[in-house]
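Right, one structure below, let's go through it.
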Amino acid sequence: MFQQYQAMRFALEEINGRLDLLPNTTLGFIAFDSCAALRKELDGTLWMMTGQPQPIPNYRCQEKPPLAAVLGHTMSSSSILMAHVLGLYRHPQISHFSTSSLLSDRRQFPSFFRTVPSDAFQSRGLAKLMLQFEWTWVGLVAIGNDYGQQGIQDIKKEILKARACVAFTEFIVADGVNRNIPYITKVIKESTSKVVLVFASDLFFVLLLDEMLKQNVTGKIFVASEAWSTSNLLRVDKYSTILSGSIGFAFYSSTIPGFGEYARLIHPHYLNHSEKSLNEIFWEKNFCCQFPNPMVNLTKLCTGFEDLSTINNVYTDVSSLRDSFTIYTSVQVIGKSLHDMTTCSEGRGPFHNGSCANLQSFQPWQVVIIRKQSYFCKVSCGTD
């Protein structure tokens, strides 16, 4: 997540430094941490729209600078909640990770865009992948939210269409302390199916893996959705006996020129107050130290001058970017859309009587219309 955050900042600074894109205009941002809680996600969405600490529906008192777009969420369920609210006001929303095919419905979500493909494509591909290996007796496991339920429904339809059979379909309960992990593990263990497709994020799948280790589940082949196929969380040695031989799909990967150097230049003492706490947390975790705190008995102090180039981890590895690349692309889409607004010629614009929008005081729906007409966005946003 921290790498994604830095990729967003890098994209903004890159646009602000260009002379050929939005000259004499500076883009900024505000960030809100929802802690993966739907209620906080709603609060954050209203907070951004209201412009005040206390969110008030249908009220905006912050007129300038105008809110150009909202990035997020990573989870489809949260994006759907946000899209219902943002769509009422035609506020542009771009997700870099939400793949649920439900979000493709333009009638329900008129201002939602994304820089990743819809699950409609992934579901068909995963079904064809299993049939290619002649796996015609398979088990299906998914997270019990919009992402998992819709994805599994699409996959199941494709499997049955090809005259293959589904041994079982189980959904991981997304909330609650006990969940139903032990029961699903027992179903997998006792099933005669050797192939299990898991359509869930790594955070939930890891719970299932831990239970499978307890129940000594072996001899299964797992097919991965993009949500966990490249997860670093699942690369630890203890899961290798279960996941060896797994196969699945992943998002397109790429590099971002200059981002590696940018990512290594962050420093906890050189940033403003709003960012310092986030960077300090990152610093303490990576260097196994703590910054001075009179309330805590410290064993190793952070100096703030530790060298990031000595660390090789998920954050510093920029050789094959996926989610960081898609959020970088999201920012570039916004910049290009706003730039198109500045190049509009009166009498030939996309609005009433060929009029154009004013970059200093535009309405959210005007950005949506410009984005829909932009070829760049049609290619990049995955608007199936």
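The values are calculated or read from the model by the stated rules, or taken from the named source; none is laboratory data. No experiment lies behind these values; they were computed from the predicted model shown. Quick reminder, even Gly has a Cβ in these numbers, built from the backbone with ideal geometry, and neighbours come from all protein chains shown. For accessibility, only protein heavy atoms count, side chains too; no ligands or nucleic acids. Shrake-Rupley method; radii C 1.70, N 1.55, O 1.52, S 1.80 Å.
Which parts of the stretch 309-340 would a label at Ala31 reach, counting a residue when its backbone N lies under 18 Å from a point 7 Å out along Cα-to-Cβ? Hits in the stretch 309-340 for Ala31 at 18 Å: 314-318, 322-332. The Kirkwood hydrodynamic radius of the stretch 1-87, based on inverse pair distances between different Cα atoms, is 14.4 Å.
Using Cβ point charges alone (K and R +1, D and E -1), the dipole size of the stretch 192-277 about the Cα centre works out to roughly 200 debye. Quick check: Cα centre of the stretch 52-111 to Cα centre of the stretch 221-244, how many Å? Between the Cα centres of the stretch 52-111 and the stretch 221-244 lies a distance of 32 Å.
Taking each residue as 0.36 nm, the span from Glu134 to Cys165 lengthens on full extension beyond its C-alpha to C-alpha distance by 10.0 nm.
Please get the size of the charge dipole for the chain, origin at its Cα centre, with Cβ charges of +1 on Lys and Arg and -1 on Asp and Glu, quoted in debye to the nearest 20.
Using Cβ point charges on Lys, Arg, Asp and Glu, the chain gives about 880 debye.
The heavy atoms of Arg18 present about 90 square angstrom of accessible area, all protein chains included, probe 1.4 Å. The residues of the chain expose on average 52 square angstrom of accessible surface per residue, using a 1.4 Å probe on protein heavy atoms. Positive-end ranking of Leu207, Asn16, Gly354 along the dipole of the chain, with charges on Cβ about the Cα centre, is headed by Gly354. Computed from the Cβ-Cβ distance with R0 of 35 Å, the FRET efficiency linking Thr192 to Gln153 stands at 0.90. Gain on full extension, evaluated as 0.36 nm per residue between Tyr262 and Asp317 minus their Cα-Cα distance, stands at 18.6 nm.
Can you compute the FRET efficiency between Gln363 and Leu278 using 1/(1 + (r/R0)^6), with r the Cβ-Cβ distance and R0 = 30 Å? Round to the nearest 0.05. After rounding to 0.05, the efficiency reads 0.40.
Which is the longest part of the chain that has none of the GluC sites (Glu not before Pro) sitting in a DSSP loop with at most 13 other Cβ atoms within 10 Å? Longest stretch, sites excluded: 135-345. Between helix 202-214 and the chain there is an angle of about 20 degrees, using the helix long axis and the longest principal axis of the Cα atoms. Dipole of the stretch 137-252 computed with +1 at Lys/Arg Cβ and -1 at Asp/Glu Cβ about the Cα centre; of Ser246, Val195, Gly148, farthest Cα towards the positive end is Val195.
Hey, which of these cross-link pairs are over 18 Å Cα-Cα: Lys157/Lys194; Lys186/Lys220; Lys238/Lys285? Correct reply: Lys157/Lys194; Lys238/Lys285.
Can you bin the chain into rounded, prolate or oblate? Criterion: square roots of the alpha carbon gyration tensor eigenvalues sorted a ≥ b ≥ c, rounded for a/c under 1.5, prolate for a/b above b/c, oblate for the rest. Note, shape of the chain comes out oblate. Accessible area of the chain with a 1.4 Å probe: how many percent of it is carbon plus sulfur? For the chain, the apolar C and S fraction of the accessible surface comes to 54 percent.
Length gained on full extension, Asn24 to Gln290: 91.7 nm, using 0.36 nm per residue less the C-alpha separation.
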